[in-house]
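Student: I'd like to ask you about the structure that follows.
Quick note: the coordinates plus some simple rules give every number you see, no bench work behind them. Note that this is a predicted model, so its numbers are computed, not measured. Please note: Cβ atoms are built from the backbone with ideal geometry, for glycine as well, and neighbour counts cover all protein chains shown.
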Amino acid sequence: MKYLPLLWAQLFRKKARTILTVLSVVVAFLLFGLLEAVQMAFESGADSADAKRLLTIARYSIIEPLPMSYAPRLERVPGVVAVAWADWFGARYQNESNAFPVFAVDPARYLDMYPEFEIAPAQRDAFVKTRTGAVAGRRLAERYGWKVGQKLPIASEIHTRTDGSLDWEFDLVGIIDAEDPAVRGNTDMVLVNVAYFDEARQFGRGKTGWYIIRVADAEQARRIAAEIDQMFMNSPDETKTQPEKEFAVGFAKQIGDLGALVTRILIAVFFTILILTGNTMAQAIRERIPELAILKTVGFSDRAVTALVLGEALLLIAIGGALGMTAAVALMPSLNEATGGRFPPLYVAPTTWLLAAGLVAALGLAVGLPPALRVNWLRIVDGLAGHR
Amino acid sequence: MSALVEVRDVTKTYRRGGETIEVLHGIDLDIPRGDFVALMGPSGSGKTTLLNLIGGLDAPNSGSITVDGQRIERLSSGALARWRAANVGFVFQFYNLLPVLSAQKNVELPLLLTSLSAAERRRRAEIALTLVGLRDRARHKPKELSGGQEQRVAIARAIVSDPTLLVCDEPTGDLDRATAHEIMTLLSMLNRDHGKTIVMVTHDPKAAEYAQRRFELDKGLLV
């Protein structure tokens with residue numbers, strides 16, 4: 001700690017240059033924080049996936065429905081402890097741009113399957129008991145100003161009612177939420193009671209979109225998945241069963257391999273920062289060779305002076321990194337507000353902070369090591385010659 | 001007076017391009033404790049090289065240098081750094097203060113290597129600055145000081161860890177006559193009243209007059 005004032009003074013020897021360099025690092029880490037948050041939001045489904053949950057869809061396409069009659073057969077598979085199902089509703093609210101996921105589900109089975117979704121017990125009870133009931137994610141409800149107890153008019157792009165209309169009306173009986181930000185993104189949806197939906201639709205009765213299956217032992221998940229698919233082999237509705245995480249990752253990749261894209265952008269950004277900051281550090285140290293020789297003259301060892309130069313580089317990157325990440329955190333609320341809940345909630349996760357700390361260390365070392373080694377090898381008499 | 005510095009048969013060569021230049025040829029020199037020695041000679045005679053060897057800033061190619069019983073040419077780089085911190089104070093022509101630090105912090109620099117508390121470092125730096133007459137300039141940065149004041153700060157830095165030996169390379173080379181006189185008076189006081197052994201390189205015969213003994217070097221030999 002006693003060297004910190006010396007490091008600080010050396011770092012801000014040329015204030016304008018240091019501030020500009022720090023700003024470039026700030027921008028890099030701000031981008032890092034934001035892009036990681038976007039990536040996490042996209043992958044939140046996979047991150048919050050339960051290893052004990054399997055998803056069963058039609059073998060050749062997720063848009064092909066499966067018979068609801070599969071449910072009791074699935075329940076009888078050894079190792080399966082619960083079965084729920086959901087169907088895609090294809091909803092829009094008021095106009096085309098207000099689109100969000102709506103799933104027709106068996107309320108009790110579905111909410112039991114996803115205990116990470118929080119709902120008030122009375123509202124859960126109302127959802128189970130109300131045939132026209134619906135529950136909505138908190139962010140979605142706030143976005144459209146929905147209140148529990150109101151009618152929820154939703155148009156479907158797929159399912160017509162028996163009268164040929166695409167307009168449906170449900171009773172909003174509850175709000176679902178989640179404390180974990182990674183899970184909260186998955187609550188941006190409306191769940192409607194399948195009992196009413198299935199009875200009131202014109203086509204596709206007795207069918208559902210997919211099954212969610214809970215198994216007793218995650219180790220047995222793949223065996224059970226294979227057994228289920230084997231069970232329906234050569235039937236008119238063959239199945240494809242896979243762990244929920246695998247399904248979520250595959251689904252996210254349909255949008256594009258966001259992880260790879262983010263990684264490539266960040267590599268480009270940090271490579272630029274590495275060159276820029278490395279050049280600045282090298283220049284700053286080159287200008288101070290006689291001063292560093294003086295430190296050695298008065299008794300600082302080669303190692304101590306080397307550590308000072310490395311420390312300076314690390315301090316520079318750490319200041320920029322901390323400011324950039326703090327700026328990313330500060331921007332999150334306004335970004336979340338700007339997306340109006342159309343996007344999973346953005347947040348800077350603890351793992352992102354850890355990654356940022358690792359980046360600070362790696363970048364600091366990469367930037368500081370070349371000039372530090374030069375100083376380490378510097379002969380005092382050569383260094384002092386710059387002052388003669 | 002016992003010899004504080006014993007230089008025995010020291011040679012020093014440098015390589016410049018493909019050429020080897022012998023700067024010092026078998027130098028022998030004894031400097032007793034409490035002495036004030038001036039090394040004089042034309043440019044390129046090897047006086048600064050000899051000073052650097054005595055101060056442990058460079059190593060001889062052959063021969064030995066013993067300071068206060070310590071064969072310094074045998075010390076490793078780290079041990080030599082510790083030895084310099086404890087035993088030698090340096091004063092240079094161009095002061096070599098760190099421009100980003102105040103006078104006080106510049107003087108405290110060598111004490112950072114000790115286990116002294118911040119308060120004790122500050123106290124000792126204040127004493128050193130008081131000794132050189134710059135107590136009231138402690139918070140000033142080098143660029144806010146005159147050349148003479150900068151050199152006084154450099155001298156305070158050189159004596160703050162109470163070294164036995166002061167090594168001065170052209171301490172008045174960048175100063176006007178009156179300021180040079182002040183600096184030499186200060187160095188004389190440190191030698192006379194505080195028992196510092198001083199080895200000084202100078203071109204200036206006036207500055208050399210303050211020394212108790214003078215040595216002339218020419219082409220790497222003491223003459």
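Student: Go through the range A:302-319 residue by residue and turn each phi into a ³J(HN,Hα) via Karplus (6.51, -1.76, 1.60, θ = phi - 60°); whole Hz please, and just put x for glycine and proline.
Tutor: 4, 5, 5, 5, 4, 5, 5, 5, 4, x, 5, 5, 5, 5, 4, 5, 5, 4
Student: If you take each beta carbon of peptide B:81-87 and count the beta carbons of other chains within 10 angstrom, what is the mean?
Tutor: Working: counts 12, 2, 1, 7, 5, 1, 1.
Shielding by partners across B:81-87 averages 4.
Student: What is the antiparallel percent of DSSP beta bridges lying wholly in the range A:61-237, to the nearest 5?
Tutor: 75 percent
Student: Using amide H atoms built 1.01 Å from N in the peptide plane, name the residues 5+ places from B:Met200, or on other chains, whose amide H lies under 5 Å from its own.
Tutor: B:Val37, B:Ala38, B:Leu39, B:Cys168
Student: Let me ask another. Once the piece of chain linking A:Ser97 and A:Ala385 is laid out straight, how much longer is it, given 0.36 nm per residue of separation minus the C-alpha distance between them?
Tutor: Stretched out fully, the A:Ser97 to A:Ala385 stretch lengthens by 96.5 nm.
Student: Pull up all non-local amide H partners of B:Ser62: gap of 5 or more, or a different chain, and H-to-H distance under 5 Å with H placed in the peptide plane.
Tutor: B:Thr11
Student: Separate question: I need the phi-derived Karplus couplings for the range B:125-130: 6.51 cos²θ - 1.76 cosθ + 1.60, θ = phi - 60°, integer Hz, Gly and Pro marked x.
Tutor: 5, 5, 4, 4, 5, 5
Student: What share of Cα pairs, in percent, lie more than 31 angstrom apart in the range A:61-237?
Tutor: Values: 2675 of 15576 pairs.
The answer is 17 percent, as a whole percent.
Student: Of all the Cα-Cα pairs you can form in the range A:260-388, what percent are over 27 Å apart?
Tutor: When all Cα pairs of the range A:260-388 are counted, 36 percent exceed 27 Å.
Student: If you project the alpha carbons of the protein assembly as shown onto their three principal axes, what span does each projection cover, largest first, in Å?
Tutor: 119, 48, 38
Student: Follow-up. Through the Karplus equation 6.51 cos²θ - 1.76 cosθ + 1.60, θ set to phi - 60°, convert the phi angles of the range B:23-32 into ³J(HN,Hα) values in whole Hz; use x for Gly and Pro.
Tutor: Using θ = phi - 60°, the values come out as 8, 10, 10, x, 6, 10, 7, 10, 10, x Hz.
Student: Something else now. Obtain the nm distance between the two label points defined at A:Leu354 and A:Ile63 by a simple spin-label model: each point lies 7 Å from its Cα along the Cα-to-C-beta direction.
Tutor: Distance between label points: 4.1 nm.
Student: On to the next question. Looking at the range B:3-222 from every direction and averaging, what is the projected area of its Cα convex hull in nm²?
Tutor: 12.1 nm²
Student: For the peptides B:211-217, A:331-337, A:368-374, what is the packing order when you average, over each peptide's residues, the other Cβ atoms within 10 Å and list the highest mean first?
Tutor: A:368-374, B:211-217, A:331-337
Student: Continuing with the same structure: Which residue fluctuates the most in chain A, going by a Gaussian network model with Cα springs under 10 Å, if the choices are A:Leu152, A:Leu172, A:Leu261?
Tutor: A:Leu261
Student: Roughly what would the spin-label model give for A:Asp112 and B:Glu19, points 7 Å off Cα along C-beta, in nm?
Tutor: Label at A:Asp112, label at B:Glu19, 9.7 nm between them.
Student: I'd like the mean, over residues of B:52-65, of how many other protein chain beta carbons sit within 10 Å of each residue's own Cβ.
Tutor: Across the residues of B:52-65, the mean count of other-chain Cβ atoms within 10 Å is 2.
Student: Here is a further query. If you take each beta carbon of peptide B:93-102 and count the beta carbons of other chains within 10 angstrom, what is the mean?
Tutor: 5
Student: Express as a percent, rounded to the nearest 5, the fraction of DSSP beta bridges in the range B:3-222 (both residues included) that run antiparallel. Kindly include the intermediate steps, with their values, before the conclusion.
Tutor: Working: 19 of 36 bridges.
Of all bridge pairs located within the range B:3-222, approximately 55 percent are antiparallel.
Student: Another question, if that's okay. Given the -39500 (n - 2.57) contribution per DSSP H run of 4+ residues, what per-residue ellipticity at 222 nm results for chain A, rounded to the nearest 500 deg cm²/dmol?
Tutor: Mean residue ellipticity at 222 nm (helix-derived): -18000 deg cm²/dmol.
Student: Over the range A:1-116, consider all pairs of different Cα atoms and compute the Kirkwood hydrodynamic radius from their mean reciprocal separation; express it in Å, one decimal.
Tutor: Details: mean 1/r = 0.0500 Å⁻¹.
When all Cα pairs of the range A:1-116 are included, the Kirkwood radius is 20.0 Å.
Student: Mind pulling the angle between the C-alpha long axis of helix A:350-377 and the longest principal axis of chain A? Nearest 10 degrees, somewhere in 0 to 90.
Tutor: Once rounded, the angle reads 20 degrees.
Student: Pairs to check: A:Lys15/B:Lys141; A:Lys129/A:Lys245; B:Lys47/B:Lys196; A:Lys15/B:Lys143; A:Lys52/A:Lys240; B:Lys12/B:Lys196. Give those whose C-alpha atoms are more than 22 Å from each other in this structure. Walk me through the numbers before you get to the answer.
Tutor: Working: A:Lys15/B:Lys141 16 Å; A:Lys129/A:Lys245 31 Å; B:Lys47/B:Lys196 20 Å; A:Lys15/B:Lys143 16 Å; A:Lys52/A:Lys240 16 Å; B:Lys12/B:Lys196 27 Å.
Pairs exceeding 22 Å: A:Lys129/A:Lys245; B:Lys12/B:Lys196.
Student: Using a simple spin-label model with points 7 Å from Cα along the Cα→Cβ vector, what separation in nm is obtained for A:Lys147 and A:Glu287?
Tutor: That separation, rounded to one decimal, is 6.4 nm.
Student: Could you order the peptides A:350-359, B:169-178 from most to least packed, using the average number of other C-beta atoms within 10 Å per residue?
Tutor: Answer by packing, highest mean first, reads B:169-178, A:350-359.
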